[in-house]
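Visitor: The structure under discussion is supplied below as structure tokens; questions concerning it will follow.
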């Protein structure tokens, strides 16, 4: 089968690979739609270390092609979604409530990391009964595919933020994950959602997905402006959706005592991430810093699909570019170099 | 001043009373709008025991007329909202996180219970700095007044329900509190909200406030229908919004293992409320039963006002009837006898 | 192999059975020690419906005899403990945080319910890597075996009780589970633990396991006495450890507003379990009722074994009787008829 | 009256001051015992900025001398404890569940910060009904005085750590607060408590208060050793009880994915506190960082007194030195310069 791989650090391309084999609980899925994630581009730059001929991609939907002998709930022909994270559900960390950390820190992140990803004609899913979800008829593939990572990670950013009903939330910044944090904060009862973003197209999407106010960090001081918008108190919840030290610091500064800083960003550089000491209340201001990795699993995916099915949200506005799988090299370049105000690139197989 | 009182069990009417005096932390508010609550009618029937010449009403907004010497944040002329529940914030139960229970079980419920209520030209507010909230300019009195009890109680029903993002919720029934539970469940991320109600007008409001499906208990079996709507699993959260033993039992029956039954109903009759033993998993199915009394206090009210200010919800569709204060006797009759498909009755002073 | 079975409702005895076969993730354990549980006697009386030749028992330790081809962490010769509850870890209910409910309500309860139990020379464990725990050298079998159910269920009763540091707890009654609730409440920071019990031997054990006060319901009014012991406020947490309607009612009555009633009891009779309406605050006193079924799984068992290893607790004082496996009929009679002040009966294989 | 004050940065001494006046809800307490806190010495060095003639001290017990006109529950002659933190209970932050942050970040910290402290013949308590607790007869002053800060802060470190029953905890380091974290972790069900400390006297106290293992950072690598003690997994909970960047970093490194870093330390230096990026899982390992400031208030104090009353803990082993109030200058020198292996210095009035 045809696969789009990271040949080595810095180099991508197509490769012919064998169709993956199946263990007794596994499934093979024929890919129909996929999305390119910024983290795919990080991976190619060496973000998770060297890899050779690793198939990229972790956001996809498709049709079940084959299942192992112990799979009970899925059969060939089922239209399915797999989460970007496919945990080992019996693992100690899963039993502890943290399936994304199963096997090892971030160990639920298997696609395009511990095994081949989804940018191929077929992909392999471990513990299929626990990691696949059937896509309801009313939801097209090009919407369902957003559940795999964008909705799950973005909503997690809001969920970890402990937002009180009617509370105040700031989301820094409004890339695809940040936009889904914004949508998630709205879905979870935030009374005021402030989107921090400078790119006009993303500001517009932020409004569409529920931001009540936009703060442009190139034009105003974020800390001052957020305090102004919150009567000097700071927000109940600040969500980091960029993965930059400066943004993280701002999050701590704009959060009120008793509030939560919720991180969704991938921090790729530097030895340390910096907590501003004084604004952290010298370690005593009851400001909590929460983190996490995209929740996966069938239950999560079923719930996210229900969010789409009952029209709470239309994620397809994130799709700024569409390509066929055989145009993958150009598609990847657009995503990697952030050309043409790209937000998300959809691939059709 | 003129007050509308419960003269004794079963009898209401106007009475001339002195304007309330103020302690050092208190405020006097000139009433501008109020709502009649079903619990006012329960009170008159003797629901909380005998009372003599007790001013009724606990949902109101107004303008500050005077404040005690230690009040810092409010002054005459401020347009304000007081929660239906006005806790003693230093009390042990408040320190324990349950201000509605301050002083005694349900002890935060002072208006028209432990002291005179708000159906009068003026009403008294204890701990004004902690129990009043300024109403933002954009919110008219007739909307703000819904925060006092309807939004606070209804949203509480959803908040106590521990609704997962995209989870399933059933709300039994769709009276004014139930409708605000429905709205609250939507605001808190429910992926499917099922409203149980038989009255056509209320079914319509349920749709308006966010119910995805309506179950009419006069036409179908609620347990069967809810299981059908949830792939046989039952809901994550069932909210009791009526206060009837049969409804409570249904809530236990339709909740999945690991789910929550959240009560907002006032149970006025019988020695016991009945948990169906088998469907409760013989005491072992991880079904939690939560209860509570309308959260009050300035922070809560400020957050609810923010929900209105940023257009998450328009509660005024609940207002089916409007009267002047001098028409209070007729107004009360409409509410009490549930005439003309009444939902809420708004009083203008 | 030899097995001690429920032949039909009301009749037990030995039976020769084949050694269980193994699926790829399963393990076969040679039994070394087991405990008889009150619920075994309920089962024989028909508590979970008719069964034919079902091997009884769900509390055991042993030595791994064989493992399936996909088991990674255990091998023949390992001394191991299996929880009484052995969940399907990939199931939706497990993903939802309720593994004891996996597959169906109470579906994690497989031993002596959905499959043969542990009162046999060998027993079968599903998902061995996730449901077995290695027993540290310092812990003898006769102590480790208490983790399977007694510690796990008893501690759960305390854990679900949301006990504040220094809070007040009442435990009704002091059977083997109740005694472990008492121990668990102490381990979780309760400042006052009140054991309700009338049997002198159990009162003595209650003191040993940490009860600060004993209330004998045959000699004093439990509600009055508990209120007296808590300055009239009621307890933060009341744990039902009997499974009787009257005891459950008392729990609701003695719990303060904002407190928790935590159930561990199996309710075997009647159509309903009764919540006393007024003391429940007419549905508004912020009293939460929590339930659950003995948590299982490797992580839970490892943590409980650590509790024993570091000498937090010695559960062997619960063992009032010891028998060899070939004396099982007499042993079961002692447990069933509660002869000779029995608390727990230990079986050696 | 005689008061021991910070005259300016770096200089302390006695001063004659007027007895404090009382507002309607306040109380005046005649001091009987007090403890010197490390933070008193930080204050004198300028840790909270310049102060002139500020009475020092925030840990004390005494006898009520006088009360304001609205105080209901206390009267002259009552033997009482005041928490180090005396919140404004009606404040928005208190309503939000964070009374220590009332009024301003860390605003509940009034003694020896926003007003005169307790190192004087009399001290003033705001909101006396909410901030005082009566000391039960069985508890001597020299034990009760530890509740004000040491138990409350130390236990908070454990409480914020989200310790699972039987979980693993490391406490860095074993000063007086760290020792009470150790005791608190044991009281909250930790199955393994690791104390990190190099001073022999403190190591010994750590054992006494419940540490199962001691790691001496001058002799072994803390990260390696803690991983070794936890089968390579890291701890469920690491508590920072020193306030140093290096120690904080170690806490992040030794915590397992899904675990919690709980801070009790006061960070007095540097612009930033540093999170080690990789061991924090690049922001995705579900490691939560929690902080807080000593919980105050009557309910907290009553619960801590109950812990002492029922013999869960004897804090008086922390007292290494005792002085009379007139020896305060020498006493303060011992505490400030950490002479003679001082842990805590008790002052008798």
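Visitor: Using 1/(1 + (r/R0)^6) with R0 = 56 angstrom and r between the beta carbons of residue D:338 and residue C:204, what's the FRET efficiency to the nearest 0.05?
Guide: 0.75
Visitor: Who wins for biggest fluctuation among B:21, B:161, B:184 in a Gaussian network model of chain B, springs between alpha carbons below 10 Å?
Guide: Most flexible of the set in this elastic network: B:21.
Visitor: Another question, then. Mind listing the Cα extents of chain C along all three principal axes, in Å, largest one first?
Guide: 59, 41, 40
Visitor: Continuing with this model, one more query. Would you mind checking the tilt of helix A:245-254 against the longest principal axis of the Cα atoms of chain A, expressed as 0 to 90 degrees and rounded to 10?
Guide: Result, in degrees: 50.
Visitor: With no solvent and one equal point scatterer placed on each C-alpha of the range B:228-349, evaluate the Debye formula and give log10 I(q)/I(0) for q = 0.19, 0.23 Å⁻¹, two decimals.
Guide: -1.11, -1.19
Visitor: Sticking with this one: Relative to the longest principal Cα axis of chain A, at what angle does helix A:298-309 sit, 0 to 90 degrees, rounded to 10?
Guide: 70
Visitor: Go ahead and set up a Gaussian network model of chain B, Cα springs under 10 Å, then flag whichever of B:196, B:29, B:71 fluctuates most.
Guide: B:71
Visitor: Here's another thing I want to ask about it. Please give the average number of partner chain Cβ atoms lying within 10 Å of the Cβ of each residue in B:129-142, rounded to a whole number.
Guide: Across B:129-142, the average partner-chain Cβ count within 10 Å equals 1.
Visitor: Still on this model: Express in whole angstrom the spacing between the alpha-carbon centres of the range B:1-80 and the range D:14-87.
Guide: The two parts, judged by their Cα centres, are 39 Å apart.
Visitor: Counting helices only, and only those DSSP H runs with n ≥ 4, report the 222 nm mean residue ellipticity of chain D as the sum of -39,500 (n - 2.57) divided by its residues, in deg cm²/dmol to the nearest 500. Please list the in-between numbers first.
Guide: Working: 11 runs with 89 residues, N = 349.
When only DSSP H runs of four or more count, the value is -7000 deg cm²/dmol.
Visitor: Can you compute the FRET efficiency between residue D:348 and residue C:220 using 1/(1 + (r/R0)^6), with r the Cβ-Cβ distance and R0 = 25 Å? Round to the nearest 0.05. Each step should come with its number before you reach the end.
Guide: Details: r = 42 Å, r/R0 = 1.70.
Once rounded, the FRET efficiency stands at 0.05.
Visitor: Would you kindly give the portion of the calculated P(r) for the range C:31-92 that falls above 15 Å, as a percent of all Cα pairs? Provide the component values of the computation, followed by the final result.
Guide: Working: 1219 of 1891 pairs.
More than 15 Å apart: 64 percent of the Cα pairs in the range C:31-92.
Visitor: Same structure, new question: Tell me whether the range A:203-250 comes out rounded, prolate or oblate; compute the Cα gyration tensor, take square roots of the eigenvalues as a ≥ b ≥ c, and use a/c under 1.5 as the rounded threshold. Walk me through the numbers on the way to the answer.
Guide: Numbers: a/c = 1.42, a/b = 1.08, b/c = 1.32.
Rounded, because the longest to shortest axis ratio a/c is under 1.5.
Visitor: Based on other C-beta atoms within 10 Å, arrange A:100, A:93 from fewest to most.
Guide: Working: A:100 30, A:93 24.
By the 10 Å Cβ count, ascending, the order reads A:93, A:100.
Visitor: Regarding the range B:179-223, what whole-number volume in Å³ per residue does the convex hull of its Cα atoms give?
Guide: Per-residue hull volume (Cα only) is 61 Å³.
Visitor: Percent antiparallel among DSSP beta bridges with both residues in chain D, to the nearest 5?
Guide: 55
Visitor: Separate question: How big is the range C:155-290 by Rg and Dmax over its Cα atoms, in Å?
Guide: Looking at the range C:155-290, its Cα Rg and Dmax stand at 13.2, 39 Å.
Visitor: Could I ask something else about it? Can you pull the mean other chain C-beta count within 10 Å for peptide D:180-187? Please report the intermediate quantities before stating the final value.
Guide: On the way: counts 0, 0, 0, 0, 2, 0, 4, 8.
Mean partner-chain Cβ count within 10 Å for D:180-187: 2.
Visitor: So what are the three principal axis dimensions of the range B:280-349 from its Cα atoms, in whole Å, longest to shortest?
Guide: 54, 33, 21
Visitor: Which angle between 0 and 90 degrees, to the nearest 10, do you get for helix D:150-159 versus the longest principal axis of chain D when only C-alpha atoms count?
Guide: 40
Visitor: Something else: If you count the DSSP beta bridges with both ends in the protein assembly as shown, what percent of them are antiparallel, to the nearest 5?
Guide: Taking every DSSP beta bridge within the protein assembly as shown, about 55 percent pair in antiparallel fashion.
Visitor: Among DSSP bridges having both ends in the range C:155-290, what percentage is antiparallel? Round to the nearest 5.
Guide: 0
Visitor: Can you compute the FRET efficiency between residue B:115 and residue B:63 using 1/(1 + (r/R0)^6), with r the Cβ-Cβ distance and R0 = 22 Å? Round to the nearest 0.05.
Guide: 0.65
Visitor: Please report how far the C-alpha centroid of the range B:244-317 lies from that of the range A:187-209, rounded to the nearest whole angstrom.
Guide: 32
Visitor: Next question. Using just the C-alpha positions of the protein assembly as shown as equal point scatterers, what log10 of I(q)/I(0) does the Debye formula give at each q in 0.05, 0.06, 0.08 1/Å?
Guide: Reported log10 I(q)/I(0), two decimals: -0.37, -0.55, -1.03.
Bear in mind that the values in this text are calculations on the coordinates, not laboratory data. Since we're looking at a predicted model, the values are computed, not measured. Heads up, the Cβs are rebuilt from the backbone with ideal geometry, glycines too, and the neighbour counts pull from every protein chain shown.
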